[in-house]
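The values are calculated or read from the model by the stated rules, or taken from the named source; none is laboratory data. From a predicted model like this one, the values you see are computed outputs, not experimental measurements. Counting neighbours? That spans all protein chains shown, and the Cβs are built from the backbone with ideal geometry, glycine included.
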């Protein structure tokens, strides 16, 4: 019996501003480069016809802005984005709980959040050495499973790892 496939796209939020020192980390906005990069990466997703069944985002401002910009460009309904506090200041166990709760009818999901947790999750799920997922990077991991609850550590295959600095962006 052949398995279905599930895809998780781990997307780190775009570059954020560190200028306002009195601003809470949760409320940091995207900087100029971040705003440019998220549009560029979202257009790449659109070009390759990548549209998830579900987008889950950290509710931190830099992540929500990233999620909303991607949604707008790939024509995903912004009101369907799920904001999950468990993705902010998180850990692997919280990610697993979240992943395990995804409806098995979903085939693909974008998870938009933060480092260092995102890199750890990507490495543990795929067995690949990702080192440090940069700002606005997208790591697509495919699993040969029927349900997200069937995902085991190191069972995923990295299909691609793309990020703005791989490209010359003006």
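Here residue 4 meets each of (1) within 30 Å of residue 145 (Cβ to Cβ); (2) in contact (Cβ under 8 Å) with a residue 60 or more places away in the chain; (3) in contact with a helix residue (DSSP H, G or I) (Cβ under 8 Å, 6 or more places away or on another chain) with one exception, condition (3). Out of the residues in region 37-60 meeting the condition of being assigned to a helix (DSSP H, G or I) and touching a strand residue (DSSP E or B) at 6+ places or on another chain (Cβ under 9 Å), tell me which one is surrounded by the fewest Cβ atoms within 10 Å (Cβ to Cβ). That would be 44. Which residues, taken from region 61-73, are within 15 Å of residue 30 (Cα to Cα) and either touching a helix residue (DSSP H, G or I) at 6+ places or on another chain (Cβ under 6 Å) or surrounded by fewer than 22 Cβ atoms within 10 Å (Cβ to Cβ) (or both)? Selection gives 61, 64, 65, 66, 68, 69, 70. Looking across region 70-89, the residues that are in a loop (DSSP other than H, G, I, E, B), within 16 Å of residue 13 (Cβ to Cβ) and either in contact with a strand residue (DSSP E or B) (Cβ under 7 Å, 6 or more places away or on another chain) or at pLDDT 95 or above (or both) come down to 81, 84, 88. Which members of region 122-138 meet the condition of being closer than 14 Å to residue 99 by Cβ and either buried (at least 22 other Cβ atoms within 10 Å of the Cβ) or in contact (Cβ under 8 Å) with a residue 40 or more places away in the chain (or both)? 122, 125, 126 - these are the residues of region 122-138 that are closer than 14 Å to residue 99 by Cβ and either buried (at least 22 other Cβ atoms within 10 Å of the Cβ) or in contact (Cβ under 8 Å) with a residue 40 or more places away in the chain (or both). Inside region 41-58, can you point out the residues that are in contact with a helix residue (DSSP H, G or I) (Cβ under 9 Å, 6 or more places away or on another chain) and within 15 Å of residue 80 (Cβ to Cβ)? Once the filter is applied, which keeps residues that are in contact with a helix residue (DSSP H, G or I) (Cβ under 9 Å, 6 or more places away or on another chain) and within 15 Å of residue 80 (Cβ to Cβ), region 41-58 yields 51, 52, 54, 55, 56, 57.
Can residue 169 be described as closer than 20 Å to residue 13 by Cα, within 12 Å of the chain's Cα centre (by Cα) and outside any strand (DSSP E or B)? So residue 169 fails the test.
Every residue, every condition in (1) within 15 Å of the chain's Cα centre (by Cα); (2) closer than 21 Å to residue 160 by Cα, yes or no:
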site: 4; (1), (2): no, yes
site: 9; (1), (2): yes, yes
site: 73; (1), (2): no, yes
site: 83; (1), (2): yes, no
site: 87; (1), (2): yes, no
